[in-house]
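*Asks:* Below you will find the structure I want to go over with you.
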Amino acid sequence: MSRSIIRWFALLLCFAIVVVLCEGSNTIVQAEPLGPSQWIDVGAPPVAPSAPVQKSLSSLDAANPVPNCRYGATALTAGQTDWLASLGAGWYLDFGAHAPQPLSGVEFGQVLSVNQRKNGCTYLNGYSVSPPLTDSGLGALIASQPGALWIVGNEPDRGPNSENCLGPAQGDTYPEIYAQAYHDTYQFIKSHDATARVAIAGLVEVTPGRLQYLEKVWQTYQQRYQATIPVDVWNMHLYILPEARPDGMPNGVANVALGTDPALAIRESDNNPNRCADPAVYCWAEHEDLSVFAQQVVAMRTWMKQHGEQAKPLILTEYSQLYPFTDYDDPVNPTRCFLQDEYGKCFTQARVSSFLTRTFDYLESASDASLGYPLDGNRLVQQWMWFSVNTSGVGYVSNLVTRDLKTLTQPGETFRKVVASRATYINLAPSRVAASAGLMSTPARPITATLFVAVVNSGNIQSTIPFTVTAYADKALTRPIDSAVVALGINGCIQRTARVSVKWPDLSVGTHFFWFKVDSTNAVGESAEDDNVIMGQLTIYPHGVLLPLVSRR
């Protein structure tokens, strides 16, 4: 028996257990924050926006933009989160894990701290996670945040700047230890909340060395646990930063990824513009190069496809420009500053604003049927996060709000205007179907099957209007089997899933086809109406269970 059939059989056994939770004609269901590979009947409704978003497509009011789930910003304090609504950001994180400040229509990403244990400069065979993996620690937080997005670590690939443990570090964890920490944390989270979404840590950037780090995590997990690492949401950071000095010696700005071959590291230019064409060099001027930016996105998606993970979402949880803009002689047209690129130019707020606009345009439009996420129109990236609303350290040239938190900066005004210019839309679609039934006592007795469909919203705003999902026994959709109403909204960007079930009585032995149509009464205005139907096939065997097949989305 193949693994796929065994997997289906196991799922069907689960369905027989949980089906009573969704029984009945015209069942009322709600959106569930499910992982992409789960069918679980528990969960919490998504956060409602401050005002209902009706079914028409429209441009946003620049002064009062509706939260757009594609766009996010890191906000480190309560005063910073107060700006998210004005910016139109639909999600945020602050690099911590805690009960977030309630914000209408804005999702919060929980970031767990993961670090390898050390004794001075000696790395030990152990790790720490904060909050700790205890019922009173992380367990209590999970219980209070059902269905949350949990990011396991932050840049674990980045260690100290030197062999003497000098300079700042981030996660500071070798890939073999990170694989163990991820395994234990994932299992702990799922055991406390099966609807939680778990994301792998974002590495500093996507370079050959960083991909080697990720490959080591993948292989270590496979070898140690005899299983593929279970990732609900893939995650990346994107900075165009050299990792080694001009002569190839560690460490450069981003540092050589821990546990990887230093020969793979991208080198500094030695401020020589003639080296910028070398793919093994990142010039200062390339810090804002859109072609290099796109190369990293494609490299991450290519790695995912090579490992069978294309049908998973990819989020970008941190990016912007980091190089400082200080000691300048003119804020608009400086001829002197702390850091000039190879062509004598400074990193000004105008330069940041241009980078923000160009990358937002790219992320909105980048798609590829051979690499992208099929449920999201083959987009390469589902959501992205700008760093930062305000930071006093590295990257403050990219701040969206002034240090006193009273006024938007030039990049902040650009952020708001770009988001406000985007058309808002909802796009409901079925993503999967399945079916279950009990054992037949005799082939002559009709049997009742339960049909399941998962519904997602790949739009950029939440759907708040109740809608009907109907199952049909014919392709023309003229013979309804049963219907269910999704009473609560479904967040956009495929963050959550509504699981609907209906009964199909009086079935006999043989093969049966069925069709689900989402929003069968056309209550919700959508950007696309031609993706609302999905077909399934089930076969009932004498004295056996039915096995479903799915023909298309």
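Throughout, read-outs are computed from the coordinates displayed, never taken from laboratory work. The model shown is predicted, which means the values in this text are computed figures rather than measured ones. We place every Cβ from the backbone using ideal geometry, glycine too, and count neighbours over all the protein chains shown.
*Asks:* Would you grab the residues whose amide H sits under 5 Å from the one on D482? Only those 5+ places off in sequence or on another chain, please, with H modelled 1.01 Å from N.
*Replies:* For D482, the qualifying residues are A471.
*Asks:* Starting from the Cα gyration tensor of the range 276-434, take the square roots of the eigenvalues, sort them a ≥ b ≥ c, and report rounded, prolate or oblate (rounded when a/c is under 1.5, otherwise prolate if a/b is larger than b/c, else oblate).
*Replies:* Oblate shape, in that a/c is at least 1.5 and b/c is the bigger or equal ratio.
*Asks:* Right, another one. Using a/c under 1.5 as the rounded threshold, could you call the range 233-283 rounded, prolate or oblate? The axes a ≥ b ≥ c are square roots of the C-alpha gyration tensor eigenvalues, and prolate needs a/b larger than b/c, oblate otherwise.
*Replies:* oblate
*Asks:* Let me ask something additional. Taking amide H positions as placed 1.01 Å from N in the peptide plane, with prolines and chain starts having none, which residues 5 or more places from R432, or on another chain, fall under 5 Å of its amide H?
*Replies:* A454
*Asks:* Check A97: other-chain or 5+ apart residues with amide H under 5 Å from its amide H, H built from backbone geometry?
*Replies:* V111
*Asks:* Here's a follow-up. In whole Hz and in residue order, list the ³J(HN,Hα) couplings for the range 241-251 that follow from phi through the Karplus curve 6.51 cos²θ - 1.76 cosθ + 1.60, θ = phi - 60°; x for Gly and Pro.
*Replies:* Those phi angles translate into 10, x, 10, 9, 6, x, 8, x, 7, x, 10 Hz.
*Asks:* Pairs K216/K312; K190/K475; K190/K305; K118/K216: which exceed 30 Å Cα-Cα?
*Replies:* Beyond 30 Å between Cα atoms: K190/K475.
*Asks:* Moving on. For N333 and K118 in one chain, what is 0.36 nm times their gap in residues minus the Cα-Cα distance, to one decimal in nm?
*Replies:* 72.7 nm
*Asks:* What number comes out for the charge environment of R245, summing +1 per Lys or Arg and -1 per Asp or Glu over other residues with Cβ under 10 Å away?
*Replies:* Overall, the nearby charge balance is -3.
*Asks:* Which aspartates and glutamates, on any chain, are close to K503 with Cα under 15 Å apart, when same-chain ones fewer than 8 places away are left out?
*Replies:* Filter leaves E23, D482.
*Asks:* Next question, about the same structure. Using a Förster distance of 51 angstrom, determine the FRET efficiency expected from the C-beta separation of S130 and L477, and round it to 0.05.
*Replies:* 0.45
*Asks:* Full-extension gain between D530 and E309, please, as 0.36 nm times their residue separation minus the C-alpha to C-alpha distance.
*Replies:* Gain on extension, D530 to E309, equals 77.0 nm.
*Asks:* How large is ³J(HN,Hα), in whole Hz, for each residue of the range 66-77 in order, when computed from phi with the Karplus curve 6.51 cos²θ - 1.76 cosθ + 1.60 and θ = phi - 60°, using x for Gly and Pro?
*Replies:* Values, residue by residue: 6, x, 9, 5, 5, 9, x, 8, 6, 10, 8, 9 Hz.
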